Amino acid sequence: MSAAASAAGTAATRRRRVPSLARQRRWALWGAYSALGVFVFMFLVPPFYMLVTSLKTSAEISEQRTSPWLVAHPTLANYFDLISNDNFRSFFLNSAKVTICVVALSMVISVLAAFALARMRFFGSSVLATGVFLTYLIPDSLLFIPFFRIIGKLGLVNNAWAMVLIYPTLAVPFCTWIMIGYFASIPKELDEAALIDGAGWLQMLFRIFIPVAMPGIIAATIFAFTVSWGQFIYPLAYLYSSDQMVLTVGIISDLIRADVFQWGKIMAGSLMAAAPPVVIYAFLMDYYIAGLTAGATKG
Amino acid sequence: MRRFLQRRSTVAFLMCLPLILLIGGLVVYPALYAIYLAMLNKRMTQFVGLGNFEFLLRRATFHLVMFQSCLFAVTAVAAKALLGFLLAHLMHVIPGRHQRIWRGLLLIPWVVPLALSTLGWWWLFDPSYSAFNWLLAKLGAPTVPWLGATGWARFCMILVNTWYGTPFFMIMYLAALKSVPEQLFEAAAIDGAGAWGKLRFVTLPMMRNIISITVLFSLIVTFADFTIVRILTNGGPRDTTHIFATYAFQMGIQSGDIPLGAATSLFMLPILAVASFFILRGVSRRDREMAAA
């Protein structure tokens, strides 16, 4: 880097007088910092405003003379009201129930399949791997109408368990895809050593592949979690009653009654609902990003 | 029987069986079923062939839906790609140990579930309490009917989608930028290339594949978006801002005309197929390059 920079520097000096290289680079750095600062500021406006609104009473929200961007008398009443609200608690529990089941189901399906596709060539395995990738590209907004009929026939209309049935279609293809990449990067010598020691395929998977590919498994789990926690179109189409709704649809339907918008509570509810993915992200950022870029940098 | 069960291909097939059942039963079957549904009449008693598609193509509202979907997807993806590229370069200048915190902050729009953050945007665009309008009024500028006028409503959707998707582009491009070998830039510098020359002859060719995969992938996702439009305008004012997914929802679920809804969402299929084809080509080309390297 420094060699390249000094080469560019001497080339430039020949043409005209320039400030010293160190100064030039310092300016570039400060320029980058300030530009990024502007972007961070703009990106965080909506979450900040949600937080400000959630700390206000309804009276303060409808007060038009003071600045909407500031809060004069902060209160946590909106949060406490929601926590003690039976409906909101049930949305949260439904979201948790659905998400935990979907994550467990998706990970079992995709780890088993990825292991077979990465290590055990069999008839049609490459077609299946391509098929998995193509499935990932089919959006939920194409399938929600046929699912509406299918769920109706199965008698699962307005039932949160229907989500456990459908959500894996969103999580499994990508999870399988990144697990194939992680498993394929494990050296073949490890399998051979295990085979010589007399391990079976399942033993090999559980004793070697899963421990070694743990970062990939964490990344895939995070992906499955965020997808099923934030899914919107399916619950909106198939869940009608408060006891079955999940957070993403429950907040809107429960806190907006006949054009009465309880904005303070809507924002407080949204922030609480957004907390689990954000907390996971805060603690496992590197795995989160590894999952995001898995398609870009490897396999 | 025991020997058969221990054969490698049998074990592999059994391990893939849940995946095959999932894809077959919950993706391929519904997709084919959607095509079948789209060819029935409203009460689903009679087969009408391509009648629903013809009917949609003759409706002025649907022309607007097609136009709006393309406008939304193309503009939003272009904005996200450009901003993401810019951000990735800015981020690349910053030394490694400071990158983490900036990256962490910039990814927040992508981490918050879209259905929830769009509620925050909706409140920012509220007709009577819009906080943006309050700022505009303070500056003495006229207030803006954010979601009340078609043009502004379109702008708002694109803005929210850009806000949400730019971090994804930034992360993808940053990963690609980091994988460009430093020697290439040094060689370009020795050959007398300036910043523009390096971008044009080193960065862009090296990142071409990632750029095209990311753009096409985002095109699919943006084109099929539902959440933003549904929450912000639900198609209004007067059905001028619907895109395929929200129009299909209104037809199929709310008005109860399932075949028409299915037909609407199937109009997305050609664009998805073309984009998928090129993504797959890009991915396999990269795999070959990786294998050759």
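The values are calculated or read from the model by the stated rules, or taken from the named source; none is laboratory data. Note that this is a predicted model, so its numbers are computed, not measured. For neighbour counting, all protein chains shown are included, and Cβ atoms are generated from backbone atoms with ideal geometry for every residue, glycine included. In case anyone asks, the SASA skips ligands and DNA or RNA and just uses the protein heavy atoms, side chains included. Shrake-Rupley method; radii C 1.70, N 1.55, O 1.52, S 1.80 Å.
Taking 45 Å as R0, compute the FRET efficiency from the Cβ-Cβ separation of residue A:203 and residue B:180 and round it to 0.05. Working from the Cβ atoms, E equals 0.60.
Per the helix-only calculation at 222 nm, which mean residue ellipticity applies to chain B, given -39500 (n - 2.57) for every DSSP H run of n ≥ 4 and division by its residues, nearest 500 deg cm²/dmol? Before the final figure, lay out each step's value.
Values: 17 runs with 213 residues, N = 293.
After summing the helix terms and dividing by the residues of chain B, the value is -23000 deg cm²/dmol.
How many lysine pairs are close in the protein assembly as shown, with Cα atoms under 29 Å apart and the two 8 or more places apart or on different chains? The number of close lysine pairs in the protein assembly as shown is 14. According to the calculation over all Cα-Cα pairs in chain A, the P(r) per 5 Å bin from zero is 1, 5, 9, 11, 11, 11, 11, 10, 9, 7, 6, 5, 3, 2, 1, 0 %.
When the square roots of the Cα gyration tensor eigenvalues are ordered a ≥ b ≥ c, the ratio a/c for segment A:109-148 is 1.5 or more and a/b exceeds b/c, which makes its shape prolate. Modelled spin-label separation between residue A:185 and residue B:234, with each label point placed 7 Å from Cα along the Cα-to-Cβ direction: 4.6 nm.
Over every Cα atom in segment A:177-246, the radius of gyration and the widest Cα-Cα span, Dmax, amount to 18.7, 57 Å. Per residue of A:41-49, other chain Cβ atoms within 10 Å of the residue Cβ number 6 on average.
Would segment B:2-161 count as rounded, prolate or oblate if I go by the C-alpha gyration tensor, calling it rounded below 1.5 in a/c and otherwise prolate when a/b exceeds b/c, oblate otherwise? Judged from the Cα gyration tensor, segment B:2-161 comes out oblate (a/c at least 1.5, b/c at or above a/b).
Considering only trypsin sites (Lys or Arg not before Pro) in DSSP loops that have at most 13 other Cβ atoms within 10 Å, the longest stretch of chain A without any of them is A:122-299. When B and A come together, around 8800 square angstrom of accessible surface is lost from both chains combined, probe 1.4 Å. Scalar couplings 3J(HN,Hα) for segment A:189-201, obtained by applying the Karplus form with A = 6.51, B = -1.76, C = 1.60 to θ = phi - 60°, are 4, 5, 4, 4, 4, 5, 5, 5, 6, x, 7, x, 4 Hz; x denotes Gly and Pro. The mean count of C-beta atoms from other chains within 10 Å of the C-beta of residues in A:107-114, rounded to a whole number, is 4. With R₀ set to 30 Å, the beta-carbon distance separating residue B:287 from residue A:210 gives a calculated FRET efficiency near 0.80.
Given the protein assembly as shown, what whole percent of its Cα pairs are spread farther than 43 Å? The share of Cα pairs beyond 43 Å in the protein assembly as shown comes to 26 percent. Largest first, the residues B:33, A:287 sort by 1.4 Å accessible area into A:287, B:33.
Between residue B:46 and residue A:100, the simple label model (points 7 Å from Cα in the Cβ direction) yields a spacing of 5.2 nm.
Ligands, DNA and RNA are left out, and with a 1.4 angstrom probe the accessible area of the protein assembly as shown is 46 Å² per residue. From helices alone, chain A scores -23500 deg cm²/dmol at 222 nm; the rule is -39500 (n - 2.57) for each run of n ≥ 4 DSSP H residues, then divide by the residue total.
Subtracting the Cα-Cα distance of residue A:284 and residue A:126 from 0.36 nm times their residue separation leaves 53.7 nm of extension gain. Between residue A:257 and residue A:93, the contour length at 0.36 nm per residue exceeds the alpha carbon distance by 56.8 nm.
What do you reckon, how do B:111, B:93 stack up by accessible area (1.4 Å probe), largest on top? Provide the component values of the computation, followed by the final result.
On the way: B:111 5, B:93 75 Å².
From most accessible down to least: B:93, B:111.
You can think of it this way: the chain between residue B:206 and residue B:134 has 21.3 nm of extra reach, that is 0.36 nm per residue less the Cα-Cα gap. If you take the square roots of the eigenvalues of the alpha-carbon gyration tensor of segment B:185-267 and sort them as a ≥ b ≥ c, do you get rounded (a/c under 1.5), prolate (a/b over b/c) or oblate? Prolate shape, in that a/c is at least 1.5 and a/b is the bigger ratio.
Given a Förster distance of 41 angstrom, what is the FRET efficiency for residue B:78 paired with residue B:36, based on the Cβ-Cβ distance and rounded to 0.05?
FRET efficiency, residue B:78 to residue B:36: 0.70.
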